[in-house]
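The values are calculated or read from the model by the stated rules, or taken from the named source; none is laboratory data. Keep in mind it's a predicted model, so treat the numbers as computed, not measured. Don't worry about glycine lacking a Cβ; one is built from the backbone with ideal geometry, like all the others, and counts go over all protein chains shown.
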Amino acid sequence: QVTLRESGPALVNPTQTLTLTCTFSGFSLTTTAMCVSWFRQPPGKALEWLARIDWDGDTYYSTSLKTRLSISKDSSKNQVVVTMTNMDPVDTATYYCARGRWFFDYWGQGTLVTVSS
Amino acid sequence: QSALTQPPSVSGSLGQSVTISCTGTSSDVGSYNRVSWYQQPPGTAPKLMIYEVSNRPSGVPDRFSGSKSGNTASLTISGLQAEDEADYYCGSYTTSNTYVFGTGTKVTVL
């Protein structure tokens with residue numbers, strides 16, 4: 001059974017760095033072709049893809065956010081971590097992680113991050 | 001990377017068919033058969049409904065079907081049911097090895 005769960009702070013101050021962890025089970029990121037991506041969805045708005053990390057360590061980022069994002073993995077812990085620097089109130093959103101590369105078959109439940117002082 | 005274009009809303013009566021369009025460019029929808037569709041009822045995580053243009057994951061009813069022509073993909077829901085009421089998003093892999101979603105469509109069952 002594949003599961004993913006996002007964890008991290010619910011509230012972040014403007015200009016701070018956000019760190020979110022995706023803890024997964026039911027698959028391994030050491031398996032060829034396995035990938036995990038991060039997404040976000042501001043309240044009432046559309047989904048947005050943020051970043052992806054592949055089984056071989058290759059990373060890919062949203063063109064508009066690449067200067068602020070970093071994604072990494074700890075395969076021994078079955079975790080993927082994403083950091084986003086210089087947070088702003090417009091970054092308030094539900095953040096999701098999911099398994100996949102060009103389609104995403106299992107998703108976490110999401111975690112709401114509010115950026116406010 | 002600009003979002004794919006979807007109609008804001010579509011509606012249909014129980015048992016009718018509705019089609020949602022998803023228009024991109026030759027750098028995304030038009031370049032690969034890597035278009036997928038997601039269903040998202042309010043307050044829930046997205047659920048994969050269609051992958052690689054027209055494939056249904058196990059457990060997705062066969063009233064959901066997908067197609068593509070050029071830079072436009074489509075999702076058709078045949079025999080609309082009350083539980084189909086949700087937001088739907090298309091998504092596509094891109095030539096830059098990134099991923100782009102559509103603007104989202106709210107499906108209302110009348």
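Is it the case that the stretch A:75-93 has a residue that's at pLDDT 95 or above, within 14 Å of chain B (Cβ to nearest Cβ) and crowded, with 16+ Cβ neighbours inside 10 Å?
Checked against the condition, which is being at pLDDT 95 or above, within 14 Å of chain B (Cβ to nearest Cβ) and crowded, with 16+ Cβ neighbours inside 10 Å, the stretch A:75-93 yields at least one hit.
Determine, yes or no, whether A:PHE27 is touching a residue at least 12 places away in the same chain (Cβ under 8 Å) and farther than 28 Å from A:THR114 by Cβ.
Judged against the criteria, A:PHE27 is a match.
Give the residues of the stretch B:43-68 that are on the phi > 0 side of the Ramachandran plot and touching a Leu at 6+ places or on another chain (Cβ under 7 Å), sorted by residue number.
Passing the criteria: none in range.
A:THR19: at pLDDT below 95, over 17 Å from B:TYR99 (Cβ atoms), more than 14 Å from every other protein chain (Cβ to nearest Cβ) and surrounded by fewer than 18 Cβ atoms within 10 Å (Cβ to Cβ), yes or no?
no
Within the bounds of the stretch B:39-57, is there any residue that is within 16 Å of the chain's Cα centre (by Cα), more than 23 Å from A:GLY110 (Cβ to Cβ) and part of a strand (DSSP E or B)?
yes
Just checking, which of B:SER74, B:SER92, B:SER65 is at pLDDT 95 or above, more than 21 Å from B:SER26 (Cβ to Cβ), in a strand (DSSP E or B) and of a type in the set (Gly, Ala, Ser)?
Result: B:SER65 is the single residue among B:SER74, B:SER92, B:SER65 that is at pLDDT 95 or above, more than 21 Å from B:SER26 (Cβ to Cβ), in a strand (DSSP E or B) and of a type in the set (Gly, Ala, Ser).
Can you tell me which of (1) in a loop (DSSP other than H, G, I, E, B); (2) of a type outside the set (Ser, Thr, Tyr); (3) touching a Lys or Arg at 6+ places or on another chain (Cβ under 9 Å); (4) exposed (fewer than 15 other Cβ atoms within 10 Å of the Cβ) is the one A:ASP105 doesn't meet?
(1)
Tally up the residues in the stretch A:33-70 that are more than 9 Å from chain B (Cβ to nearest Cβ), within 17 Å of A:PRO9 (Cα to Cα) and among the hydrophobic types (A, V, I, L, M, F, W, C), please.
2
Tell me the residue from B:VAL107, B:VAL35, B:VAL100 that is among the β-branched types (Val, Ile, Thr), out of contact with any Lys or Arg (no Cβ under 9 Å at 6 or more places or on another chain) and within 11 Å of another protein chain (Cβ to nearest Cβ), please.
B:VAL100
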